[in-house]
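Everything below concerns the one structure shown next.
Each reported figure results from applying straightforward, stated rules to the coordinates on display, with no laboratory input. These numbers were taken from a predicted model, which means no experiment stands behind them. Ideal geometry is used to build each Cβ from the backbone, glycine not excepted, and the neighbour counts take in all protein chains shown.
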Amino acid sequence: MIKKILLFSSLIIFIPFIIVAIFIRDDEITFNFSQNSVVRVYDEETGIISNVPIEEYVIGVVAGEMPIEFEIEALKAQAVAARSYVMIQMERNIKKDYDVVDTVINQVYLNKEHLMIVWKNSYTENINKIKTAVLKTKGEYISYDGKVAEALFFSTSPGVTENSEDVFSNKVPYLRSVESTWDEISPVYTTNTTYTLEEFYNLLNLDYNEKLNIEVISQTSTGRIKKIKINDTELTGSYVCSKLGLRSTFFEILKEDSKIIIKNKGYGHGVGMSQYGAQGMAKAGYRYQDILKHYYTDIEIKKF
């Protein structure tokens, strides 16, 4: 009886410490990378190629590509998409010196040293949140027809995503246009930019003309501009977007007196997963598997 009392007393004493140890962490979560594949990451700024364990690479991409305040289910979806994308690049670039560049050329990857400087006192809390998302999805990737899917993603849609062939020419069966009504929470869902008429023509390398004639020649199925004629010059939507510093090719050009107003909607190429759409879905209670299966058509989530 005395032994039972002592055992019960010990449990009462130690259970709170166990709970605190599990749920309140002041130390950084650590991973065992001994069994992981290695990603060869090219640092565009220094020219150095680093060998980074794949899960550590995914942590750096989630940190670089998605706001830390996003819901954990959105971060999980980003982790799986990022892992799938790099798996494709590793296979594609096997004979090259490196697999990926650490910028938007591939995926933005931020290393520990950079994050410690940026996050300062919030580093441990922030990195543990991201590591939890990566740990909960460890080894998971998106598969289509038995192969790794190229899981493209972008910031914000104008309410619907794009078919891959409308943006990148190749028709990919899992990169289909889907509704994305959650994107309105994005701070860049709509933006207006104003130019003088002279600035407008100069930026587009066009001759100045008091009159402005706009003709949309072709659009994607969702309304993004593929080709547009400004006065007598035909331009691509991507050219106009680049020269004017617009966030997407979903835009409208309006002339008011001597000023040009560009109404822009969305941010990014529009193919694959919308990150703010993922955040909206997560806030609405969807799990990361639901998010991925919404934005990537007929895919499976597998684990290596």
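Just a few scattered comments:
- Mean shadow area of segment 190-265 over all directions, Cα convex hull, nm²: 4.4
- (1) 1.05; (2) 0.98; (3) 1.09, with the label sought being that of the calculated Rg/Rh (Cα atoms, Kirkwood Rh): (3)
- Only the Cβ atoms of Lys and Arg (+1) and of Asp and Glu (-1) were treated as charged; on that basis the dipole of segment 190-265 about its Cα centre amounts to roughly 480 debye.
- Subset of Lys76/Lys226; Lys120/Lys265; Lys259/Lys283; Lys95/Lys147; Lys131/Lys302 violating a 31 Å alpha-carbon distance limit: Lys76/Lys226; Lys120/Lys265; Lys259/Lys283
- Ranking of Thr191, Thr233, Thr156, Thr249 by count of other Cβ atoms within 10 Å, fewest first: Thr233, Thr191, Thr156, Thr249
- Dividing the summed -39500 (n - 2.57) terms of all DSSP H runs of n ≥ 4 by the residue count of the chain sets its mean residue ellipticity at 222 nm at -11500 deg cm²/dmol.
- For Lys227, the shell of other residues with beta-carbons less than 13 Å away shows a net charge of 0, using +1 for Lys and Arg and -1 for Asp and Glu.
- Note: relative contact order over the chain, using C-alpha pairs below 8 Å and six or more positions apart, is 20 percent.
- Under the combined filter of DSSP loop state and at most 12 neighbouring Cβ atoms within 10 Å, segment 45-103 retains these trypsin sites (Lys or Arg not before Pro): Lys95, Lys96.
- Axial C-alpha extent at least 27 Å, average Kyte-Doolittle at least -1.0 - helices from the chain (DSSP): 2-23, 72-92
- Backbone N atoms of segment 238-276 closer than 16 Å to the 7 Å Cα→Cβ label point of Tyr208 belong to residues 258-260.
- Between segment 152-221 and segment 239-301, the Cα center-to-center distance that results, in Å: 9
- Computed E for Phe304/Thr233 - FRET, C-beta separation, R0 45 angstrom, nearest 0.05: 0.35
- Where labels lie 7 Å past Cα in the beta-carbon direction, separation of Arg287 and Ile117 in nm: 4.0
- Charge-dipole axis of the chain as Lys and Arg at +1 and Asp and Glu at -1 on Cβ define it, positive-most pick from Ser155, Tyr201, Thr132: Thr132
- Inter-site label distance for Lys171 and Ser37 at 7 Å from Cα along Cβ, in nm: 2.9
- Extension gain, Ser221 to Glu252: 0.36 nm times the residue separation minus the Cα-Cα distance gives 9.6 nm.
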